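Every number here is computed from the coordinates shown, using simple stated rules; none is lab data. Not measured: the values here are computed from a predicted model. Reconstructed Cβ throughout: ideal geometry from the backbone, glycine too, with neighbour counts over all protein chains shown.
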Amino acid sequence: MSDLKEYLAQRCQLVDAALNRLIPDAATRPMTLHKAMRHSMFAGGKRLRPILCLAAAEACGGSIDDAIYNACAVECLHTYSLIHDDLPCMDDDDMRRGVPTCHKVYGEAMALLAGDALQALAFELVTKTPIASLHPAAVMVLELARTAGSLHLVGGQVADLEGEGKKLPLEDLRFIHEGKTAALLTTSVRLGAMSANASPDQMQALHDFGMATGLAFQIIDDILDVTQTSEKLGKSAGKDVESEKSTYPALMGLEASRTEAHRLTEAANRALDVFGDSSTRLRQLADYLLNRDY
Ligand code: GRG
């Protein structure tokens, strides 16, 4: 475990250094926009998606240097989605990653534009990945576009907004979680694999791993929302309770939710059998996400 903690801290540093290099600095015009982008980007995110991206590249025999642009791209897309999700017209949150949200510091218009610019940067970054013969730049752009669009991130957000205050069937909740959470986790490992010129079998295995881990991650997130104080999670107090959102614990109960998260993580790990020892880090990461208490 201490080995994994050290690994996570080192990977976090590596990703932060790359993001710092790749996002225009705060002295570049328009300065307020770049400050706003950096405010949310360097507010203390866990960097799970880029870390998964790099681990998937290594599982496929690739290198950090080749995977780093895709790793930064998924973090840019993720941070954009958080900035927009926090806006007054969406969740209207004051705090994120333990600091005031982008719109609280820079105003709504600037936060909206900082999110837009980070999303655009994500697409620019995947085109910087050295070309691997099986996965040309257009294929990586397509991968990111599908995840960002109406069938996944945005679609999941819309289904979530439309479901507010309703008791949704489990199938609808699963659609929301697949769109908002599992799709980007899946794309993170798939883009890592693409940078390593992964075979179709490896791509499929990582797809299955990503979807199962992503759903388990979101179920655990829902469980922690019930079992931990909102303060510890750095979120606005009691949001989900106030708006009576459907969650796994609300629909299935806590114990059944935990069992489902374990089942999904086992399935995720089984999907990695095609890799053997090179997937040890991915397995550790899936177990770590399942057992996290934050
Ligand atoms: C397109 C506006 C828009 C939204 C898309 C992704 C999303 C939908 C909304 C973001 C809010 C949210 C609760 C998403 C679910 C996924 C999730 C648990 C995100 C938090 O991820 P962590 O824990 O966060 O990895 P850090 O801050 O560590 O990066």
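Would you mind getting me the FRET efficiency between LYS167 and ASN291? Use the beta-carbon distance for r and R0 = 41 Å, nearest 0.05.
Working: r = 29 Å, r/R0 = 0.71.
Calculated value: 0.90.
One decimal place: the segment LYS5-CYS89 gains 26.5 nm when fully extended, by the rule 0.36 nm per residue minus the C-alpha distance.
Multiplying the residue separation of LEU254 and ALA145 by 0.36 nm and subtracting their alpha-carbon distance yields 35.8 nm.
Each listed q (0.09, 0.13, 0.16 Å⁻¹) maps to a log10 I(q)/I(0) for the chain from the Debye sum over equal C-alpha point scatterers, namely -0.41, -0.89, -1.39.
For the chain, averaging the sequence separation of C-alpha pairs within contact (under 8 Å, six or more residues apart) and dividing by the residue count gives a relative contact order of 21 percent.
When the trypsin sites (Lys or Arg not before Pro) in segment 140-234 are filtered for DSSP coil states and for at most 13 other beta-carbon atoms within 10 Å of their beta-carbon, the remaining sites are LYS166, LYS167.
Tell me what the chain gives for mean residue ellipticity at 222 nm when only DSSP H runs of n ≥ 4 count, each as -39,500 (n - 2.57), the sum divided by the residue total, rounded to 500 deg cm²/dmol. Could the numbers behind the result be given before it?
Working: 16 runs with 206 residues, N = 294.
Helix-only estimate at 222 nm: -22000 deg cm²/dmol.
For MET95, the residues whose amide H sits under 5 Å from its own are THR101, SER236, ignoring neighbours fewer than 5 places away on the same chain, with H placed 1.01 Å from N.
Show me the helices of the chain, taken as full DSSP H stretches, that run 20 Å or more along their long axis by Cα and average -1.0 or above in Kyte-Doolittle hydropathy. Please report the intermediate quantities before stating the final value.
Numbers: long enough: 2-22 (30 Å, -0.23); 64-86 (33 Å, 0.18); 108-126 (28 Å, 1.28); 200-227 (40 Å, 0.32); 254-271 (26 Å, -0.91).
Membrane-span-like by this rule: 2-22, 64-86, 108-126, 200-227, 254-271.
For segment 27-102, trypsin sites (Lys or Arg not before Pro) meeting the loop criterion (DSSP other than H, G, I, E, B) and having at most 11 other Cβ atoms within 10 Å: none.
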